[in-house]
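Below is one structure; the comments refer to it alone.
No lab work stands behind these numbers, since they all come straight from the coordinates. Predicted, not measured: the structure shown is a model, and the values here were computed from it. Positions of Cβ are generated from backbone atoms using ideal geometry, with glycine treated the same way; all protein chains shown enter the neighbour counts.
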């Protein structure tokens, strides 16, 4: 992987991690176009995902600071309830990671046809959430947090947008738009860091996770994903507040259809 390929793929990851268009699907499409696969692609994916976690920490630092200040008062308050909701939302993805990790990795290696189909499913979900207008609630309940967590667990499929699935599910549940976007971005931090930690342990044990990817490419990809992720995170929060997700549904439908057609023609 050259530094230029890393730059393009890093920008794709940073932008699509927050926009409801599936970062995993776009990375798979971009990697296929550049002919990048196997362990080299895995190592790069880990690096750029960690970069977007850092961009979340930067953009939502005030919210994170508020959570920790309240949490360390060691009493039940709104901040503690927020953390409990985050932990509840992690249960489904934790189960998938522990018991179905091999199956998920097998699906990720099954080609672009599954990516195209899941992009179409993302488009349907975003469209449905746009037209259904339930009564809006002020706070995200524990029940809602678990259901949103289920949506995140399903979004491990390449092409099914994580942010799109979690935000659309929250909108269908009637959760507050502004709070929902922040919750969606914060709830993904522990799973991504946990995955990165596990892969880091593999590298310490001598397993070749990084492959032959140059260090410069990893650095360029990280910076590109971090900077573009900061911009996309702020932009997406404003988009969710305005409720204009239908445009992303159209985009996902087009990209998904083109991906399916091109895959079947090859």
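Worth a mention:
- Among 188, 53, a tally of other beta-carbon atoms within 10 Å of each Cβ gives an order, fewest to most, of 53, 188.
- Using alpha-carbon coordinates, inclination of helix 61-71 to the longest axis of the chain, degrees: 50 degrees
- Label-point separation, residue 103 to residue 3 (7 Å along Cα→Cβ), nm: 4.4 nm
- Gyration tensor verdict on the chain (Cα atoms; rounded if a/c is under 1.5, prolate if a/b is larger than b/c, oblate otherwise): oblate
- Folded to 0 to 90 degrees: helix 78-99 orientation relative to the chain principal axis, Cα: 40 degrees
- Using R0 = 41 Å, the C-beta based FRET efficiency linking residue 223 and residue 76 works out to 0.50.
- Each label was represented as a point 7 Å from its Cα along the Cα-to-Cβ direction; for residue 69 and residue 128 these points are 4.0 nm apart.
- Separation of the residue 34 and residue 135 label points, Cα + 7 Å toward Cβ, nm: 5.0 nm
- Computed [θ] at 222 nm, deg cm²/dmol, the chain (DSSP H ≥ 4; -39,500 (n - 2.57); rounded to nearest 500): -26000 deg cm²/dmol
- The angle between the Cα long axis of helix 38-59 and the longest principal axis of the Cα atoms of the chain comes to about 30 degrees, rounded to the nearest 10.
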